[in-house]
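A quick write-up on the structure given underneath.
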Amino acid sequence: MSDRGRDLFDKVRLPPSLDEYLRSGNPWWEGKPGRVLPGYRRWAFSVLLRKLEAGLAPAVVLRGARQVGKTTLLEQLIQHLLEAARVEPRRILRVQFDEIPSLKGLDEPVQAIAGWFQNRILGSTFNEAAHAGTPAYLFFDEAQNLADWAPQIKALVDHHTVHVVVTGSSALRIEAGRDSLAGRVAPLDLGTLLLREIAGLRMGQEVEPLLPPNGLDDLLRGDFWRQLDDHGAAHRLARDEAFRAFSERGGYPIAHARAAVPWPEVADQLNETVIRRVIQHDLRLGDRGRKRDPQLLEEVFRLCCRYAGQAPSQATLIAEIKQVLHANIGWQRILSYMRFLEGSLLVKLVRPLELRLKKVRGPAKLCFVDHGLRQSWLEEIVPLDPDRLEQSPHLTDLAGRIAESVVGAYLGSIPHLDVAHFPERPTEPEVDFVLTIGERRIPLEVKYRRRIDPHRDTLGLRSFLEKVHYNAPFGVLVTMLEDVEIPDPRIVPVSLRSLLLAR
(Lines give C-alpha, C1' and ligand atoms only; values in the text may rest on other atoms or scores of the structure.)
Protein backbone atom coordinates (compact mmCIF):
# COMPACT_ATOMS: atom_id res chain seq x y z
CA MET A 1 0.00 0.00 0.00
CA SER A 2 1.28 3.49 -0.86
CA ASP A 3 2.20 5.97 1.87
CA ARG A 4 -0.78 8.11 0.86
CA GLY A 5 -3.09 5.06 1.06
CA ARG A 6 -1.61 4.14 4.44
CA ASP A 7 -2.14 7.68 5.72
CA LEU A 8 -5.82 7.54 4.76
CA PHE A 9 -6.06 4.05 6.19
CA ASP A 10 -4.64 5.18 9.53
CA LYS A 11 -7.39 7.76 9.96
CA VAL A 12 -9.98 5.11 10.80
CA ARG A 13 -11.35 5.83 14.26
CA LEU A 14 -14.20 4.56 16.42
CA PRO A 15 -15.73 6.03 19.59
CA PRO A 16 -13.64 4.99 22.63
CA SER A 17 -16.51 2.94 24.15
CA LEU A 18 -16.93 0.96 20.92
CA ASP A 19 -13.16 0.48 20.59
CA GLU A 20 -13.04 -0.90 24.13
CA TYR A 21 -16.10 -3.11 23.53
CA LEU A 22 -14.61 -4.71 20.43
CA ARG A 23 -11.32 -5.43 22.16
CA SER A 24 -13.03 -6.98 25.20
CA GLY A 25 -15.24 -9.10 22.94
CA ASN A 26 -12.23 -10.51 21.07
CA PRO A 27 -9.85 -11.53 23.90
CA TRP A 28 -7.75 -13.74 21.60
CA TRP A 29 -6.19 -10.59 20.14
CA GLU A 30 -4.33 -10.24 23.42
CA GLY A 31 -3.65 -13.94 23.88
CA LYS A 32 -6.45 -14.36 26.41
CA PRO A 33 -9.06 -17.13 26.36
CA GLY A 34 -12.75 -16.63 25.71
CA ARG A 35 -15.48 -17.95 28.01
CA VAL A 36 -15.64 -21.64 28.87
CA LEU A 37 -17.67 -23.34 26.14
CA PRO A 38 -19.80 -26.50 26.20
CA GLY A 39 -17.92 -29.57 25.02
CA TYR A 40 -20.91 -30.82 23.01
CA ARG A 41 -21.14 -29.50 19.46
CA ARG A 42 -24.48 -29.38 17.69
CA TRP A 43 -25.09 -30.82 14.23
CA ALA A 44 -24.77 -27.38 12.64
CA PHE A 45 -21.12 -27.00 13.70
CA SER A 46 -19.72 -29.24 10.97
CA VAL A 47 -22.16 -27.87 8.40
CA LEU A 48 -21.23 -24.26 9.18
CA LEU A 49 -17.51 -25.07 9.08
CA ARG A 50 -17.92 -26.82 5.74
CA LYS A 51 -19.88 -23.92 4.23
CA LEU A 52 -17.27 -21.48 5.50
CA GLU A 53 -14.36 -23.46 4.09
CA ALA A 54 -16.04 -24.31 0.78
CA GLY A 55 -16.58 -20.63 0.02
CA LEU A 56 -19.36 -21.24 -2.51
CA ALA A 57 -20.87 -18.01 -1.18
CA PRO A 58 -18.85 -15.25 0.49
CA ALA A 59 -21.18 -15.15 3.52
CA VAL A 60 -23.15 -17.66 5.59
CA VAL A 61 -26.40 -16.56 7.25
CA LEU A 62 -27.20 -18.56 10.39
CA ARG A 63 -30.81 -18.11 11.44
CA GLY A 64 -32.45 -19.31 14.65
CA ALA A 65 -34.66 -18.26 17.54
CA ARG A 66 -33.20 -16.71 20.65
CA GLN A 67 -31.33 -19.08 22.98
CA VAL A 68 -31.01 -22.00 20.52
CA GLY A 69 -27.20 -21.73 20.61
CA LYS A 70 -26.18 -19.49 17.70
CA THR A 71 -23.66 -17.50 19.74
CA THR A 72 -22.23 -20.65 21.32
CA LEU A 73 -21.88 -22.16 17.84
CA LEU A 74 -19.92 -19.11 16.63
CA GLU A 75 -17.66 -19.22 19.68
CA GLN A 76 -17.02 -22.94 19.19
CA LEU A 77 -16.15 -22.27 15.56
CA ILE A 78 -13.75 -19.49 16.56
CA GLN A 79 -12.17 -21.81 19.12
CA HIS A 80 -11.72 -24.44 16.40
CA LEU A 81 -10.11 -21.90 14.05
CA LEU A 82 -7.71 -20.73 16.74
CA GLU A 83 -6.74 -24.15 18.12
CA ALA A 84 -7.27 -26.81 15.46
CA ALA A 85 -6.86 -24.73 12.29
CA ARG A 86 -4.11 -22.51 13.76
CA VAL A 87 -5.61 -19.31 12.39
CA GLU A 88 -3.80 -16.25 13.69
CA PRO A 89 -5.92 -14.47 16.33
CA ARG A 90 -5.62 -11.11 14.59
CA ARG A 91 -7.49 -12.54 11.57
CA ILE A 92 -10.71 -13.15 13.53
CA LEU A 93 -13.31 -10.49 14.42
CA ARG A 94 -16.54 -11.14 16.29
CA VAL A 95 -19.17 -8.45 16.91
CA GLN A 96 -22.25 -9.00 19.10
CA PHE A 97 -24.70 -6.43 17.74
CA ASP A 98 -27.45 -6.93 20.32
CA GLU A 99 -25.09 -5.86 23.11
CA ILE A 100 -23.03 -3.24 21.30
CA PRO A 101 -22.66 0.33 22.64
CA SER A 102 -24.39 3.19 20.88
CA LEU A 103 -23.63 3.39 17.17
CA LYS A 104 -24.78 6.99 17.00
CA GLY A 105 -22.74 8.92 14.48
CA LEU A 106 -21.84 5.84 12.43
CA ASP A 107 -23.85 5.85 9.21
CA GLU A 108 -22.50 2.45 8.17
CA PRO A 109 -21.36 0.63 11.32
CA VAL A 110 -20.37 -2.60 9.53
CA GLN A 111 -18.09 -0.68 7.20
CA ALA A 112 -16.72 1.45 10.03
CA ILE A 113 -15.96 -1.57 12.24
CA ALA A 114 -14.44 -3.46 9.30
CA GLY A 115 -12.21 -0.51 8.47
CA TRP A 116 -11.15 -0.17 12.11
CA PHE A 117 -10.38 -3.90 12.28
CA GLN A 118 -8.17 -3.76 9.17
CA ASN A 119 -6.30 -0.78 10.54
CA ARG A 120 -6.00 -1.57 14.24
CA ILE A 121 -5.89 -5.37 14.36
CA LEU A 122 -5.32 -7.10 11.03
CA GLY A 123 -2.61 -4.67 9.94
CA SER A 124 -3.49 -4.88 6.26
CA THR A 125 -6.49 -4.65 3.98
CA PHE A 126 -8.72 -7.69 3.68
CA ASN A 127 -7.63 -8.20 0.07
CA GLU A 128 -3.94 -7.98 0.97
CA ALA A 129 -4.45 -10.63 3.63
CA ALA A 130 -6.38 -12.86 1.21
CA HIS A 131 -3.68 -12.58 -1.46
CA ALA A 132 -1.14 -13.62 1.17
CA GLY A 133 -3.19 -16.76 1.86
CA THR A 134 -4.34 -15.52 5.28
CA PRO A 135 -7.93 -14.30 4.80
CA ALA A 136 -9.87 -12.73 7.67
CA TYR A 137 -12.90 -14.25 9.38
CA LEU A 138 -15.72 -11.88 10.37
CA PHE A 139 -18.57 -13.00 12.65
CA PHE A 140 -21.52 -10.62 13.00
CA ASP A 141 -23.89 -11.91 15.71
CA GLU A 142 -27.53 -10.67 15.66
CA ALA A 143 -26.72 -8.36 12.76
CA GLN A 144 -30.40 -7.95 11.88
CA ASN A 145 -30.61 -5.38 14.68
CA LEU A 146 -28.97 -2.95 12.26
CA ALA A 147 -31.59 -1.24 10.08
CA ASP A 148 -29.58 -1.65 6.86
CA TRP A 149 -27.35 -4.61 7.68
CA ALA A 150 -27.78 -6.36 4.33
CA PRO A 151 -26.54 -3.55 2.02
CA GLN A 152 -23.51 -3.14 4.29
CA ILE A 153 -22.69 -6.86 4.20
CA LYS A 154 -23.23 -6.80 0.43
CA ALA A 155 -20.76 -3.94 0.00
CA LEU A 156 -18.28 -5.74 2.27
CA VAL A 157 -18.28 -9.05 0.38
CA ASP A 158 -18.51 -7.41 -3.04
CA HIS A 159 -15.27 -5.45 -2.54
CA HIS A 160 -13.28 -7.61 -0.12
CA THR A 161 -12.23 -11.27 -0.01
CA VAL A 162 -13.25 -12.36 3.50
CA HIS A 163 -15.09 -15.17 5.26
CA VAL A 164 -18.32 -13.81 6.81
CA VAL A 165 -20.90 -15.38 9.11
CA VAL A 166 -24.04 -13.43 10.01
CA THR A 167 -26.55 -14.62 12.61
CA GLY A 168 -30.05 -13.42 13.37
CA SER A 169 -33.11 -14.33 15.43
CA SER A 170 -35.67 -12.53 13.27
CA ALA A 171 -36.73 -14.52 10.23
CA LEU A 172 -38.51 -11.51 8.74
CA ARG A 173 -35.52 -9.17 8.90
CA ILE A 174 -33.03 -11.85 7.92
CA GLU A 175 -35.21 -12.96 5.00
CA ALA A 176 -35.61 -9.36 3.82
CA GLY A 177 -31.84 -8.97 3.93
CA ARG A 178 -31.25 -12.20 2.05
CA ASP A 179 -33.28 -10.85 -0.87
CA SER A 180 -30.68 -8.15 -1.46
CA LEU A 181 -27.86 -10.64 -0.85
CA ALA A 182 -29.03 -13.14 -3.46
CA GLY A 183 -26.12 -15.25 -4.66
CA ARG A 184 -23.86 -13.93 -1.91
CA VAL A 185 -25.07 -15.94 1.09
CA ALA A 186 -25.43 -19.59 2.01
CA PRO A 187 -28.36 -20.02 4.43
CA LEU A 188 -28.35 -22.30 7.48
CA ASP A 189 -31.23 -22.64 9.95
CA LEU A 190 -30.68 -23.73 13.55
CA GLY A 191 -33.64 -24.85 15.64
CA THR A 192 -33.94 -26.24 19.14
CA LEU A 193 -32.23 -29.53 19.98
CA LEU A 194 -33.01 -32.57 17.87
CA LEU A 195 -33.91 -35.72 19.79
CA ARG A 196 -30.55 -37.28 18.96
CA GLU A 197 -28.83 -34.11 20.22
CA ILE A 198 -30.62 -34.44 23.54
CA ALA A 199 -29.29 -38.02 23.70
CA GLY A 200 -25.80 -36.74 22.92
CA LEU A 201 -25.88 -33.81 25.33
CA ARG A 202 -27.43 -35.61 28.29
CA MET A 203 -26.20 -39.18 27.84
CA GLY A 204 -23.19 -38.97 25.55
CA GLN A 205 -24.99 -41.29 23.10
CA GLU A 206 -24.23 -40.64 19.44
CA VAL A 207 -27.13 -41.53 17.13
CA GLU A 208 -26.68 -41.07 13.40
CA PRO A 209 -29.63 -39.55 11.51
CA LEU A 210 -31.54 -41.68 9.05
CA LEU A 211 -32.51 -38.75 6.82
CA PRO A 212 -29.61 -37.39 4.72
CA PRO A 213 -28.77 -33.71 5.35
CA ASN A 214 -29.41 -32.78 1.71
CA GLY A 215 -32.29 -33.79 -0.51
CA LEU A 216 -35.84 -34.96 0.11
CA ASP A 217 -36.01 -37.99 -2.18
CA ASP A 218 -35.91 -40.45 0.71
CA LEU A 219 -39.19 -39.04 2.02
CA LEU A 220 -40.87 -40.29 -1.17
CA ARG A 221 -39.93 -43.89 -0.37
CA GLY A 222 -42.33 -45.86 1.77
CA ASP A 223 -39.41 -48.02 2.88
CA PHE A 224 -37.74 -44.98 4.46
CA TRP A 225 -40.74 -44.39 6.72
CA ARG A 226 -40.92 -48.12 7.53
CA GLN A 227 -37.28 -48.04 8.57
CA LEU A 228 -37.89 -45.27 11.12
CA ASP A 229 -39.26 -47.57 13.82
CA ASP A 230 -36.45 -50.06 13.14
CA HIS A 231 -33.95 -47.21 13.47
CA GLY A 232 -35.62 -46.14 16.70
CA ALA A 233 -35.61 -49.70 18.05
CA ALA A 234 -31.89 -50.02 17.31
CA HIS A 235 -31.32 -47.03 19.61
CA ARG A 236 -34.20 -47.74 21.98
CA LEU A 237 -32.51 -46.84 25.27
CA ALA A 238 -31.08 -43.53 24.03
CA ARG A 239 -34.27 -42.70 22.13
CA ASP A 240 -36.64 -43.37 25.02
CA GLU A 241 -34.56 -41.56 27.62
CA ALA A 242 -34.09 -38.58 25.32
CA PHE A 243 -37.82 -38.54 24.55
CA ARG A 244 -38.67 -38.55 28.27
CA ALA A 245 -36.38 -35.54 28.72
CA PHE A 246 -37.89 -33.84 25.67
CA SER A 247 -41.39 -34.52 26.99
CA GLU A 248 -40.55 -32.86 30.31
CA ARG A 249 -38.47 -29.90 29.10
CA GLY A 250 -38.78 -29.37 25.36
CA GLY A 251 -35.69 -28.85 23.24
CA TYR A 252 -33.99 -25.62 24.31
CA PRO A 253 -30.28 -26.26 25.04
CA ILE A 254 -30.42 -24.55 28.45
CA ALA A 255 -33.07 -27.03 29.60
CA HIS A 256 -30.74 -29.99 29.03
CA ALA A 257 -27.29 -28.52 29.57
CA ARG A 258 -28.54 -27.73 33.11
CA ALA A 259 -30.51 -30.93 33.62
CA ALA A 260 -30.13 -30.80 37.42
CA VAL A 261 -31.79 -27.38 37.64
CA PRO A 262 -35.49 -27.74 38.54
CA TRP A 263 -37.89 -27.09 35.67
CA PRO A 264 -39.58 -24.03 37.27
CA GLU A 265 -36.22 -22.23 37.30
CA VAL A 266 -35.53 -23.20 33.69
CA ALA A 267 -39.06 -22.09 32.75
CA ASP A 268 -38.49 -18.67 34.32
CA GLN A 269 -35.27 -18.33 32.35
CA LEU A 270 -36.99 -19.23 29.07
CA ASN A 271 -39.78 -16.76 29.78
CA GLU A 272 -37.32 -13.93 30.41
CA THR A 273 -34.67 -14.61 27.76
CA VAL A 274 -36.88 -15.84 24.93
CA ILE A 275 -40.55 -14.88 25.20
CA ARG A 276 -40.37 -11.56 27.06
CA ARG A 277 -37.32 -10.55 25.04
CA VAL A 278 -39.37 -10.96 21.86
CA ILE A 279 -42.47 -9.25 23.29
CA GLN A 280 -40.77 -6.34 25.02
CA HIS A 281 -37.66 -5.78 22.91
CA ASP A 282 -37.85 -7.27 19.42
CA LEU A 283 -41.42 -6.07 18.90
CA ARG A 284 -40.41 -2.43 19.38
CA LEU A 285 -37.41 -2.37 17.05
CA GLY A 286 -37.52 0.04 14.13
CA ASP A 287 -39.89 2.87 13.27
CA ARG A 288 -42.86 0.52 12.87
CA GLY A 289 -41.98 -1.29 16.08
CA ARG A 290 -42.58 1.77 18.25
CA LYS A 291 -46.25 1.69 17.22
CA ARG A 292 -46.78 -1.96 18.12
CA ASP A 293 -48.66 -3.05 21.22
CA PRO A 294 -46.81 -5.47 23.57
CA GLN A 295 -50.03 -6.30 25.45
CA LEU A 296 -51.71 -7.42 22.23
CA LEU A 297 -48.70 -9.50 21.22
CA GLU A 298 -48.65 -11.17 24.64
CA GLU A 299 -52.32 -12.08 24.29
CA VAL A 300 -51.81 -13.43 20.75
CA PHE A 301 -48.94 -15.52 22.06
CA ARG A 302 -51.17 -16.86 24.84
CA LEU A 303 -53.77 -17.88 22.27
CA CYS A 304 -51.10 -19.65 20.24
CA CYS A 305 -50.25 -21.58 23.41
CA ARG A 306 -53.87 -22.44 24.01
CA TYR A 307 -54.57 -23.56 20.44
CA ALA A 308 -51.26 -25.32 19.74
CA GLY A 309 -51.76 -28.05 17.15
CA GLN A 310 -55.10 -26.57 16.05
CA ALA A 311 -56.36 -24.19 13.37
CA PRO A 312 -58.72 -21.81 15.22
CA SER A 313 -61.00 -19.65 13.09
CA GLN A 314 -60.71 -15.90 12.74
CA ALA A 315 -63.95 -15.46 14.64
CA THR A 316 -62.66 -17.53 17.58
CA LEU A 317 -59.44 -15.55 17.92
CA ILE A 318 -61.13 -12.17 17.49
CA ALA A 319 -63.74 -12.99 20.12
CA GLU A 320 -61.14 -14.10 22.66
CA ILE A 321 -58.94 -11.04 22.06
CA LYS A 322 -61.91 -8.72 22.48
CA GLN A 323 -63.00 -10.44 25.67
CA VAL A 324 -59.57 -10.14 27.33
CA LEU A 325 -58.46 -6.72 26.10
CA HIS A 326 -61.92 -5.10 25.94
CA ALA A 327 -61.00 -3.53 22.61
CA ASN A 328 -62.28 -3.77 19.06
CA ILE A 329 -59.26 -5.31 17.34
CA GLY A 330 -59.57 -6.49 13.74
CA TRP A 331 -58.36 -9.70 12.16
CA GLN A 332 -55.61 -8.16 10.05
CA ARG A 333 -53.93 -6.75 13.14
CA ILE A 334 -54.14 -10.08 14.95
CA LEU A 335 -52.78 -11.84 11.87
CA SER A 336 -49.85 -9.41 11.66
CA TYR A 337 -48.90 -10.24 15.26
CA MET A 338 -49.14 -13.97 14.55
CA ARG A 339 -46.80 -13.45 11.61
CA PHE A 340 -44.48 -11.48 13.86
CA LEU A 341 -44.29 -14.47 16.23
CA GLU A 342 -43.57 -16.69 13.24
CA GLY A 343 -40.90 -14.22 12.13
CA SER A 344 -39.38 -14.40 15.60
CA LEU A 345 -39.14 -18.18 15.06
CA LEU A 346 -41.33 -19.02 18.07
CA VAL A 347 -44.40 -20.24 16.18
CA LYS A 348 -44.84 -22.06 12.88
CA LEU A 349 -47.98 -21.19 10.90
CA VAL A 350 -48.85 -24.19 8.74
CA ARG A 351 -51.05 -22.88 5.92
CA PRO A 352 -53.84 -24.78 4.15
CA LEU A 353 -52.81 -26.83 1.13
CA GLU A 354 -53.01 -24.96 -2.17
CA LEU A 355 -54.13 -27.02 -5.16
CA ARG A 356 -54.06 -26.26 -8.87
CA LEU A 357 -52.75 -22.75 -8.28
CA LYS A 358 -55.86 -21.93 -6.28
CA LYS A 359 -55.23 -20.28 -2.93
CA VAL A 360 -57.33 -21.98 -0.29
CA ARG A 361 -58.86 -19.68 2.27
CA GLY A 362 -58.72 -20.92 5.81
CA PRO A 363 -56.91 -20.52 9.10
CA ALA A 364 -53.34 -21.64 9.63
CA LYS A 365 -52.51 -24.45 12.02
CA LEU A 366 -50.53 -23.15 15.02
CA CYS A 367 -47.39 -25.16 15.79
CA PHE A 368 -44.87 -24.17 18.44
CA VAL A 369 -41.24 -24.51 17.46
CA ASP A 370 -40.75 -25.96 20.93
CA HIS A 371 -43.47 -27.12 23.31
CA GLY A 372 -41.20 -26.20 26.25
CA LEU A 373 -42.11 -22.54 25.62
CA ARG A 374 -45.77 -23.38 25.96
CA GLN A 375 -45.08 -25.20 29.21
CA SER A 376 -43.01 -22.34 30.61
CA TRP A 377 -45.52 -19.61 29.71
CA LEU A 378 -48.71 -21.38 30.79
CA GLU A 379 -47.03 -23.13 33.73
CA GLU A 380 -48.74 -26.29 32.50
CA ILE A 381 -46.87 -29.56 31.91
CA VAL A 382 -48.56 -31.98 29.55
CA PRO A 383 -46.45 -35.14 29.22
CA LEU A 384 -45.82 -36.70 25.83
CA ASP A 385 -43.89 -39.67 27.21
CA PRO A 386 -46.31 -42.66 27.09
CA ASP A 387 -45.50 -43.87 30.62
CA ARG A 388 -45.92 -40.43 32.18
CA LEU A 389 -49.08 -39.76 30.18
CA GLU A 390 -50.59 -43.03 31.37
CA GLN A 391 -50.42 -41.63 34.90
CA SER A 392 -52.48 -38.59 33.77
CA PRO A 393 -55.07 -40.02 31.36
CA HIS A 394 -57.21 -36.86 31.60
CA LEU A 395 -54.48 -35.05 29.61
CA THR A 396 -54.56 -37.46 26.67
CA ASP A 397 -56.56 -35.23 24.31
CA LEU A 398 -54.42 -32.19 25.08
CA ALA A 399 -51.25 -34.28 24.65
CA GLY A 400 -52.55 -35.30 21.23
CA ARG A 401 -52.85 -31.68 20.14
CA ILE A 402 -49.40 -30.87 21.46
CA ALA A 403 -47.99 -33.93 19.65
CA GLU A 404 -49.57 -32.57 16.46
CA SER A 405 -47.88 -29.22 17.10
CA VAL A 406 -44.54 -30.98 17.66
CA VAL A 407 -44.88 -32.89 14.38
CA GLY A 408 -45.80 -29.75 12.42
CA ALA A 409 -42.83 -27.80 13.77
CA TYR A 410 -40.49 -30.75 13.20
CA LEU A 411 -41.56 -31.27 9.59
CA GLY A 412 -41.39 -27.52 9.01
CA SER A 413 -37.76 -27.52 10.14
CA ILE A 414 -36.67 -29.87 7.32
CA PRO A 415 -34.96 -27.64 4.72
CA HIS A 416 -36.92 -27.06 1.52
CA LEU A 417 -39.85 -29.28 2.56
CA ASP A 418 -43.28 -27.82 1.77
CA VAL A 419 -45.65 -28.57 4.66
CA ALA A 420 -49.36 -27.71 4.66
CA HIS A 421 -52.52 -28.93 6.37
CA PHE A 422 -55.63 -30.18 4.60
CA PRO A 423 -58.81 -28.67 6.10
CA GLU A 424 -62.05 -30.59 6.05
CA ARG A 425 -64.04 -30.14 2.83
CA PRO A 426 -67.70 -30.89 2.10
CA THR A 427 -66.82 -34.30 0.64
CA GLU A 428 -63.41 -34.94 2.19
CA PRO A 429 -62.20 -35.33 5.79
CA GLU A 430 -59.27 -33.29 7.05
CA VAL A 431 -55.67 -34.48 7.05
CA ASP A 432 -53.29 -33.12 9.69
CA PHE A 433 -50.36 -32.47 7.33
CA VAL A 434 -49.51 -32.86 3.66
CA LEU A 435 -45.88 -32.93 2.50
CA THR A 436 -45.32 -31.77 -1.08
CA ILE A 437 -42.15 -32.90 -2.83
CA GLY A 438 -42.02 -32.07 -6.50
CA GLU A 439 -45.25 -33.32 -8.05
CA ARG A 440 -46.02 -35.79 -5.26
CA ARG A 441 -47.79 -35.40 -1.95
CA ILE A 442 -47.59 -37.44 1.23
CA PRO A 443 -50.53 -37.16 3.65
CA LEU A 444 -49.62 -37.52 7.31
CA GLU A 445 -52.01 -38.00 10.22
CA VAL A 446 -51.17 -37.79 13.94
CA LYS A 447 -53.10 -40.11 16.25
CA TYR A 448 -51.42 -39.86 19.62
CA ARG A 449 -53.25 -42.44 21.70
CA ARG A 450 -52.59 -45.94 22.99
CA ARG A 451 -55.25 -47.70 20.95
CA ILE A 452 -55.48 -47.17 17.22
CA ASP A 453 -58.59 -48.05 15.25
CA PRO A 454 -57.20 -49.17 11.85
CA HIS A 455 -60.37 -48.04 10.08
CA ARG A 456 -61.55 -44.90 11.87
CA ASP A 457 -58.09 -43.42 12.48
CA THR A 458 -57.03 -43.75 8.84
CA LEU A 459 -60.17 -42.32 7.24
CA GLY A 460 -58.53 -39.03 6.24
CA LEU A 461 -55.43 -40.76 4.85
CA ARG A 462 -57.44 -43.25 2.81
CA SER A 463 -59.68 -40.55 1.39
CA PHE A 464 -56.65 -38.51 0.31
CA LEU A 465 -54.89 -41.53 -1.20
CA GLU A 466 -57.93 -42.48 -3.25
CA LYS A 467 -57.97 -39.12 -5.08
CA VAL A 468 -55.73 -39.74 -8.07
CA HIS A 469 -55.12 -36.05 -8.74
CA TYR A 470 -53.40 -35.65 -5.33
CA ASN A 471 -50.65 -37.96 -6.59
CA ALA A 472 -49.99 -39.52 -3.18
CA PRO A 473 -47.98 -42.81 -3.28
CA PHE A 474 -48.64 -43.65 0.40
CA GLY A 475 -49.68 -42.10 3.70
CA VAL A 476 -48.04 -41.90 7.14
CA LEU A 477 -49.75 -42.44 10.50
CA VAL A 478 -47.80 -40.99 13.46
CA THR A 479 -48.64 -42.89 16.63
CA MET A 480 -47.77 -42.94 20.32
CA LEU A 481 -46.45 -46.51 20.39
CA GLU A 482 -44.58 -48.84 18.09
CA ASP A 483 -45.89 -52.13 16.67
CA VAL A 484 -49.11 -50.58 15.35
CA GLU A 485 -50.56 -52.73 12.56
CA ILE A 486 -52.57 -51.19 9.74
CA PRO A 487 -53.99 -53.68 7.22
CA ASP A 488 -53.89 -51.14 4.37
CA PRO A 489 -50.40 -51.51 2.82
CA ARG A 490 -50.53 -47.92 1.56
CA ILE A 491 -50.37 -46.56 5.13
CA VAL A 492 -47.11 -46.63 7.08
CA PRO A 493 -47.36 -46.31 10.89
CA VAL A 494 -44.42 -44.73 12.73
CA SER A 495 -44.14 -43.70 16.38
CA LEU A 496 -43.56 -40.05 17.26
CA ARG A 497 -40.34 -40.77 19.16
CA SER A 498 -38.89 -42.68 16.18
CA LEU A 499 -39.98 -39.96 13.74
CA LEU A 500 -38.13 -37.36 15.83
CA LEU A 501 -34.97 -39.47 15.55
CA ALA A 502 -34.94 -39.24 11.74
CA ARG A 503 -32.86 -36.03 11.58
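Sparse packing (at most 14 other Cβ atoms within 10 Å of the Cβ) combined with a DSSP loop state is found for the following GluC sites (Glu not before Pro) in the range 14-101: E99.
Over the range 238-316, what portion of Cα pair distances is larger than 14 Å, expressed as a whole percent? Considering the range 238-316, 72 percent of its Cα-Cα pairs are separated by more than 14 Å. Between H455 and R302, the modelled label-to-label distance comes to 4.5 nm, taking each label 7 Å out from Cα in the direction of the beta carbon. Taking 0.36 nm per residue of sequence separation and removing the Cα-Cα distance, the E206/S24 pair yields an extension gain of 61.9 nm.
Pairs to check: K154/K365; K70/K322; K51/K447; K70/K447; K291/K348; K104/K348. Give those whose C-alpha atoms are more than 32 Å from each other in this structure. Flagged as over cut-off: K154/K365; K70/K322; K51/K447; K70/K447; K104/K348. Maximal additional length on extending the S313-H131 stretch stands at 59.6 nm, based on 0.36 nm per residue less the C-alpha distance. Near P262: Cβ cut-off under 15 Å, other residues only, Lys/Arg at +1 and Asp/Glu at -1. The net charge is -2.
Shown in residue order for the range 30-46 are the 3J(HN,Hα) couplings computed by the Karplus curve 6.51 cos²θ - 1.76 cosθ + 1.60 at θ = phi - 60°: 9, x, 9, x, x, 5, 5, 9, x, x, 7, 10, 6, 4, 6, 4, 5 Hz (x for Gly and Pro).
Taking the highest mean first, how do the peptides 487-498, 420-431 order by number of other beta carbon atoms within 10 angstrom per residue?
Packing order, densest peptide first, comes out as 487-498, 420-431.
What a 1.4 Å probe finds exposed on the range 194-333 is 46% carbon and sulfur by accessible area, rounded to a whole percent.
The residues packed around G39, meaning those with a beta-carbon under 14 Å from its beta-carbon, carry a net charge of 0 if Lys and Arg are +1 and Asp and Glu are -1. Phi angles across the range 113-129 convert, under the Karplus curve 6.51 cos²θ - 1.76 cosθ + 1.60 with θ = phi - 60°, into 3J(HN,Hα) values of 5, 5, x, 4, 5, 4, 6, 8, 10, 5, x, 7, 6, 4, 5, 4, 5 Hz, Gly and Pro given as x. Take the Cα atoms of the range 195-338, build their convex hull, and give its volume per residue in Å³. It is 176 Å³ per residue. Rolling a 1.4 Å probe across the protein heavy atoms gives the range 227-346 an accessible surface of 48 Å² per residue. Along Cα→Cβ, 7 Å out, is where each label goes; now give me the distance between the ones at E83 and S392 in nm to one decimal. Going by the 7 Å Cα→Cβ label model, 4.0 nm.
Counting only heavy atoms of protein chains, what accessible area per residue, in Å², does the range 39-182 have with a probe of 1.4 Å? Don't jump to the answer; show the numbers that get you there.
Working: 5610 Å² over 144 residues.
Solvent-accessible surface per residue comes out at 39 Å².
For the range 336-442, the set of trypsin sites (Lys or Arg not before Pro) satisfying both a DSSP loop assignment and a count of at most 16 other C-beta atoms within 10 Å is given as R356, K359, R361.
Normalised by 2.2 N^0.38 Å, where N counts its residues, the alpha-carbon radius of gyration of the chain equals 1.05.
A crude spin-label estimate for the pair E241 and R333, with each label 7 Å from Cα along the Cβ direction, gives 5.2 nm.
Against the chain, whose longest principal axis comes from its Cα atoms, helix 236-249 is set at around 80 degrees. Relative contact order for the chain: 14 percent, from Cα pairs under 8 Å spaced at least 6 residues apart, divided by residue count. Taking 0.36 nm per residue of sequence separation and removing the Cα-Cα distance, the D483/D230 pair yields an extension gain of 90.1 nm. Normalised by 2.2 N^0.38 Å, where N is the number of residues, the alpha-carbon radius of gyration of the range 314-398 equals 1.38.
Expressed per residue, the C-alpha convex hull volume of the range 51-150 stands at 120 Å³. Taking only protein heavy atoms and a 1.4 Å probe, the accessible area of the range 54-181 is 48% carbon and sulfur.
The values are calculated or read from the model by the stated rules, or taken from the named source; none is laboratory data. Just so it is clear, the model here is predicted, and its values are computed rather than measured. Don't worry about glycine lacking a Cβ; one is built from the backbone with ideal geometry, like all the others, and counts go over all protein chains shown. In case anyone asks, the SASA skips ligands and DNA or RNA and just uses the protein heavy atoms, side chains included. Shrake-Rupley method; radii C 1.70, N 1.55, O 1.52, S 1.80 Å.
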